[in-house]
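These notes concern the structure reproduced below.
The values are calculated or read from the model by the stated rules, or taken from the named source; none is laboratory data. Note that the coordinates shown come from a computational prediction; the quantities given were computed from them, not determined experimentally. Ideal geometry is used to build each Cβ from the backbone, glycine not excepted, and the neighbour counts take in all protein chains shown. All accessible areas refer to the heavy atoms of the entire protein, side chains included, with ligands and DNA or RNA removed. Shrake-Rupley method; radii C 1.70, N 1.55, O 1.52, S 1.80 Å.
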Amino acid sequence: MRYSVVIGAVNGKFSEMFAKLATLHAKQNFAFAIIAGDLCANIGTAADADREELAKLLRGDITVPLSTYFALGAQSLPVEVVDVLEKNEGELCPNLSVLGRKASIKTSDSFRIVAVGGAHAGSGDQVVPQYAAYYTDSDAQAVGKGLTNADIVVTSDWPAHIRDGGESQYTVASPAETESIADLCTSLKPRYHFSASEAFYEREPFFHNGPTPRSVTRFISLAPYGNSAKQKWIYAFSLEPSADAPQNLPPGCTASPLTGTKKRKLDSQESDFNTFRYANGNGTDHYQPDYRRQKRSRNNAPPTPSQCYFCLSNPTCEKHMIGSIGSDVYLTTAKGPLSTRQTFPDLGFPGHILLIPVQHQPTISAMTPAETRKSIVTEMQQYRAALQSMLVEKPKGADGLAKLGAVTWEISRNSGVHLHWQFLPVPVDMVRRGLVEAGFDQEAANLNYPKFVKGFKEMEEIEEGNFFKVTIWSEALRKEMVMPLDGDFRFDLQFGRRVLGKLLGLEQRTHWKDCAQTVGEETADAEVFKEVFKKFDFGLEEEEVS
Ligand SMILES: [Zn+2]
């Protein structure tokens with residue numbers, strides 16, 4: 001019987017890892033290899049050496065010794081990788097092919113591999129680009145449709161409850177554990193279910209419900225290649241394609257931990273979640289996180305993506321509020337929105353939206369590489385334009401023009417955490433009469449802040465440093481103004497909300513924390529937003545390849 005191997009995250013160390021794999025392959029003659037974790041280095045933190053390694057791989061200077069499939073991990077793939085995958089139908093270089101966000105393939109040796117990759121992005125059926133690093137519950141359902149079994153399942157997230165009822169301990173932070181991955185594993189009853197994590201984890205094998213002989217799944221999650229703790233990053237397994245279930249259950253085998261606990265889990269998740277958000281005060285960070293006071297004083301390090309509420313890879317990122325996901329940017333309804341459903345009744349939801357690049361950086365200029373930065377800026381602007389078109393569509397005034405305009409504001413500081421734009425509709429009359437502009441000028445003066453700069457050349461200069469930027473828009477007008485934040489003053493992170501709160505008579509809602517909604521209300525608003533925005537969501541125009 002031939003062995004195959006599964007490997008954890010490679011994180012861009014192609015030369016070393018494939019050389020190592022070649023040595024092992026020379027001895028073992030593996031059937032194929034699976035990379036269950038991130039193949040490439042994180043595009044946000046990639047160093048020159050990582051980029052050089054990637055260039056070598058794409059030039060064909062690195063030999064991939066045997067047929068290797070790589071999962072779409074939790075991180076976005078570099079643009080140049082996506083380009084090649086799109087051109088070559090998923091083949092990155094000879095012997096190296098992507099499994100993708102949702103894939104069901106049969107290898108040349110007739111093994112059925114089903115994969116779901118990327119970070120979990122809610123339950124919706126929003127259309128996601130083919131190689132974007134997200135999946136939805138619908139993706140996980142779709143990929144298993146029509147199949148009753150698989151030899152191997154590979155997922156970036158873990159199945160919910162996978163650690164229940166097992167003895168092996170796993171104490172490091174695990175990937176997100178989701179119900180949809182648990183359901184996929186239950187319906188496909190794979191012989192092996194692979195994932196990748198910070199440390200190695202192997203659960204006791206478990207059997208699925210059904211007549212005997214019962215299918216048995218082994219869940220194994222590999223540590224990254226070259227990890228300093230010397231945890232297992234590679235695992236060899238032998239398997240026959242579509243083999244029958246074993247006659248005898250293996251030693252230590254338990255019942256499946258994946259079924260029958262849904263209700264309980266959902267309830268407890270919700271209460272844990274609320275305790276976490278509202279009791280320990282971290283929820284405040286959701287808006288304009290001021291980690292300098294809270295976290296950095298303790299460990300002197302900026303928050304990582306796993307601690308950041310805007311990072312899709314963070315399990316506590318509020319996926320139920322996501323309205324649209326593009327290639328590099330996503331939209332969510334605002335947590336504790338300044339406006340309410342009553343503020344703009346024509347919209348049917350509060351209308352306060354956040355535009356968030358997927359990349360975890362405090363400013364747009366910190367985003368890398370340069371091409372991605374450009375595409376992020378373009379996509380942010382496209383999304384804003386689409387949101388504005390949505391407002392134009394709404395009932396018109398007597399003059400035939402839209403009744404709503406919009407304000408977008410942005411705080412860009414090197415000491416920030418995860419850049420985003422806030423978008424809020426305003427009555428068009430307020431824009432027309434110059435009240436929005438005057439409101440920002442007036443409040444800046446009240447607080448002794450530097451004056452807003454409005455000339456194009458001067459704005460450009462200021463935008464090279466730390467700044468606060470406001471874009472005021474109506475069908476007939478567009479106005480930008482920028483305030484430098486480099487001076488020696490304490491800038492109120494709620495400044496944008498404070499000004500607009502005064503203008504809209506919503507002063508009592510200046511701080512998001514005073515406007516908390518239930519998860520049910522948040523979900524309902526996000527659903528209305530999605531419905532209203534659907535027509536304008538350019539992401540939806542792309543044909544999805546499955
Ligand atoms: Zn982040």
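Quick notes
- Between Leu401 and Ser138, full extension at 0.36 nm per residue minus the direct alpha carbon distance yields a gain of 90.8 nm.
- Applying a 4.7 Å cutoff between beta carbons, the unpaired cysteines of the chain are Cys40, Cys93, Cys185, Cys253, Cys317, Cys515.
- On Cα atoms only, tilt of 370-393 relative to the major axis of the chain in degrees: 60 degrees
- Peptides 42-48, 359-365, 425-431 ordered by average Cβ neighbours within 10 Å, highest first: 425-431, 359-365, 42-48
- About its Cα centre, the dipole of segment 344-466 is roughly 200 debye, where the only charges are +1 on Lys and Arg Cβ and -1 on Asp and Glu Cβ.
- The charge dipole of the chain, taken about its Cα centre with unit charges on the Cβ of Lys, Arg, Asp and Glu (plus for the first two, minus for the last two), comes to roughly 880 debye.
- Heavy-atom surface analysis with a 1.4 Å probe gives the chain a carbon and sulfur content of 49 percent of its accessible area.
- Take the Cα of Ser415, step 7 Å toward its Cβ, do the same at Lys27, and the gap between the two points is 5.4 nm.
- Reciprocal of mean inverse Cα separation for the chain (Kirkwood radius, Å): 25.1 Å
- Computed over segment 53-134, the range of Cα coordinates on each principal axis works out to 41, 31, 20 Å, biggest value leading.
- Pairs from the table (Lys13/Lys374; Lys454/Lys530; Lys87/Lys479) lying more than 32 angstrom apart at Cα are Lys454/Lys530; Lys87/Lys479.
- At R0 = 25 Å, FRET efficiency that the Cβ-Cβ distance of Tyr3 and Ala47 yields, to 0.05: 0.15
- The modelled label-to-label distance between Asn448 and Asp244, using points 7 Å beyond Cα along the C-beta direction, is 8.5 nm.
- Prolate/oblate/rounded label for segment 116-249 (Cα gyration tensor, a/c 1.5): oblate
- Highest-first arrangement of 508-515, 78-85, where packing means the average Cβ count within 10 Å: 78-85, 508-515
- Per residue, in Å², the accessible surface of segment 70-118 once ligands and nucleic acids are set aside, probe 1.4 Å: 38 Å²
- Think of segment 46-128 as having a plus end and a minus end, set by charges on the Cβ of Lys, Arg, Asp and Glu; of Ala46, Leu96, Val114, Val114 sits farthest toward the positive end of this dipole.
- Cα long-axis angle, helix 435-446 against the chain (0 to 90 degrees, to the nearest 10): 90 degrees
- The chain, relative contact order [Cα under 8 Å, separation at least 6], %: 12 percent
- Prolate/oblate/rounded label for segment 446-546 (Cα gyration tensor, a/c 1.5): oblate
- The phi-based Karplus calculation (6.51 cos²θ - 1.76 cosθ + 1.60; θ = phi - 60°) puts the 3J(HN,Hα) values of segment 65-73 at x, 8, 4, 10, 10, 10, 6, 7, x Hz, whole numbers, x for Gly and Pro.
- Test item: Cα-centred dipole of segment 6-160, Lys/Arg +1 and Asp/Glu -1 on Cβ, debye: 400 debye
- Distance (nanometres) between label positions extended 7 Å along Cα→Cβ at Asp346 and Ala173: 4.4 nm
- Å² per residue, accessible surface of segment 497-540 at 1.4 Å: 47 Å²
- Furthest towards positive pole of dipole, Tyr135, Asn314, Tyr383, structure part the chain, Cβ charges: Asn314
- Relative contact order of segment 94-181, pairs being alpha-carbon contacts under 8 Å that are 6 or more residues apart, as %: 27 percent
- The angle between the Cα long axis of helix 262-274 and the longest principal axis of the Cα atoms of the chain comes to about 40 degrees, rounded to the nearest 10.
- Per-peptide packing, taken as the mean over residues of other Cβ atoms within 10 Å, places 529-537, 216-224 in the sequence 216-224, 529-537 from highest down.
- The helix-only estimate of mean residue ellipticity at 222 nm for the chain, built from DSSP H runs of length n ≥ 4 each weighted as -39500 (n - 2.57), is -8000 deg cm²/dmol after division by the residue total.
- Cβ-Cβ FRET estimate between Phe538 and Asn88, R0 fixed at 25 Å, reported to 0.05: 0.45
- Using a probe of 1.4 angstrom and keeping all protein chains present, the accessible surface of segment 135-244 works out to 41 square angstrom per residue.
- Spherically averaged projected area in nm², based on the convex hull that wraps the Cα atoms of segment 385-481: 7.0 nm²
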